[in-house]
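As structure tokens, the structure follows; a few thoughts come after it.
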Amino acid sequence: MIYDIEVRPGPDTDFFQYYTETVEAQTSHDAIARVQRRNPGCHVRCTNSYNSSDQSSSSSSFDGGDGFGMLVLGLIVFAIWLVVEYWFFVLPIAIIIFGGWIYSKTRDS
């Protein structure tokens, strides 16, 4: 995880401009401790946290499975649109195919 740590002057420090340091650490406590060691006597607090770019790239972008799922969903939606739009072709073809299937089932027995 990446943490934004705000550094402010403490009671024993001379005034300096507040700044935010970006730290990569396992927990926010580790990030705060690391910044506190670099800035003794200052007040530090965590203001933001987010995943690092190498971790977030796999979860936020489409990978192979997501792309394939979107393709299948698009094909299903396209097939539904095709049936709705051209029902006057699809319905007779479906009746002929269904009738042939019924005929083949009853003819063999």
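Tabulated results
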quantity: Residue match in segment 68-83 (condition: at pLDDT below 90, surrounded by 10 or more Cβ atoms within 10 Å (Cβ to Cβ) and touching a strand residue (DSSP E or B) at 6+ places or on another chain (Cβ under 8 Å)); calculated: no
quantity: Scope segment 1-19; condition surrounded by 12 or more Cβ atoms within 10 Å (Cβ to Cβ) and more than 11 Å from C42 (Cβ to Cβ); matching residues; calculated: M1, I2, Y3, D4
quantity: Selection from segment 30-55 of residues that are within 13 Å of T20 (Cβ to Cβ), among the small types (G, A, S) and at pLDDT 90 or above; calculated: A31
quantity: Pairs where the first residue, in segment 13-26, is of a type in the set (A, V, I, L, M) and the second is part of a strand (DSSP E or B), C-beta under 7 Å, 6+ apart; calculated: V23/Y3; V23/I5; A25/Y3
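The values are calculated or read from the model by the stated rules, or taken from the named source; none is laboratory data. For clarity, every value in this text was computed on a predicted model and none was experimentally measured. We place every Cβ from the backbone using ideal geometry, glycine too, and count neighbours over all the protein chains shown.
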